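The values are calculated or read from the model by the stated rules, or taken from the named source; none is laboratory data. What you are looking at is a predicted structure, and each value in this text was computed from that prediction instead of being measured. So basically every Cβ, Gly included, is an ideal-geometry build from the backbone, and we count neighbours across all protein chains shown. Keep in mind that these areas ignore ligands, DNA and RNA; they rest on the heavy atoms of the full protein, side chains included. Shrake-Rupley method; radii C 1.70, N 1.55, O 1.52, S 1.80 Å.
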Amino acid sequence: MRTSLRRGALLALLVSAACARSQGPTVAPIPSTMLEPWTTQPGDQIKVNVWREPELSGEIFVQNDGTAIFPALGRIRVAGLTADSLNAMLINRFRDRIVNTPVDVMLIRPLPVFGSVRAPGVYPVDPTATAIQLIARAGGTVGAEGLPRVQLIRYDGTRLALTVEQSLGAFNLRSGDAIFVQDQSFWIRNQRQI
C-alpha cells in the first residue's frame, strides 16, 4: 500500500512539474535601446524607388566602409542613417535631376534562421516583417503542432524570447543576429493527453 501511495505521489509530482514547465516561454521585455528605428549598416540592402525614374530606382548594397553607390549620385556615406533621413537626403541630392518626385526607401537586412525549420538559411527582412512571416519564408516548422518557441539571438550572445506576432522592426537588428526556432517539448505537445 505504501509503495502505491509513493508511486501515486511521484506520478502527481511529475505531472505537476510537466504542467508547470508547459506554460511556454515568457517574452523578455524589450529594452528601450531596441525600439529605435533601424539605421543603415554594412551588409544592408537599400531598396530605392523613385517614381517614374526606373534608372534611379533599384536595390543598393551598403559596403563594408558604410558607403553605397547610387545611380547618378555615385558613392555616398550612408552608415547610421535611418530610412527617413536617407529618404530626405536622396530627395535633396536628386533635386537637380527631378522635381517633386516621390522617393521611397526601405532598409532590408539579411537575417539567418535556423533550428526546427524546413529550409534554414539567410533571409531578407524589412522592419515590417514578423517572426511568423520569417518562419514561413523558411518553409515553416518541422514536426511541430501549434506555435514554436522563437528566440532572437543577438550578436553578443543575448537571447530574447519572441512571440510569433512580434514585429522584427521593433528590434534594431545587427549583423550577427539570428532567429532560432525551437520545436515545443514533448511535455508541451502532449500535456492534454496526460
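Below are the figures for this structure:
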| item | result |
| --- | --- |
| Residue tally, condition open to solvent by 30 Å² or more (accessible area, probe 1.4 Å) and without any contact (Cβ under 8 Å) to a residue 40 or more places away in the chain, over the stretch 122-150 | 8 |
| Members of the stretch 83-96 found to be outside any loop (DSSP other than H, G, I, E, B) and open to solvent by 50 Å² or more (accessible area, probe 1.4 Å), listed by number | Asp84, Ala88, Ile91, Asn92, Arg93 |
| Scan of the stretch 51-76 for residues that are part of a loop (DSSP other than H, G, I, E, B), open to solvent by less than 100 Å² (accessible area, probe 1.4 Å) and without any contact (Cβ under 8 Å) to a residue 24 or more places away in the chain, ordered by number | Glu55, Ser57, Val62, Gln63, Asp65, Pro71, Leu73 |
| Single unsatisfied condition, Leu81 versus (1) touching a Phe, Trp or Tyr at 6+ places or on another chain (Cβ under 8 Å); (2) within 18 Å of Lys47 (Cβ to Cβ) | (1) |
| Which listed residue, of Val105, Val99, Val48, is more than 30 Å from Arg159 (Cβ to Cβ) and exposed (fewer than 15 other Cβ atoms within 10 Å of the Cβ) | Val99 |
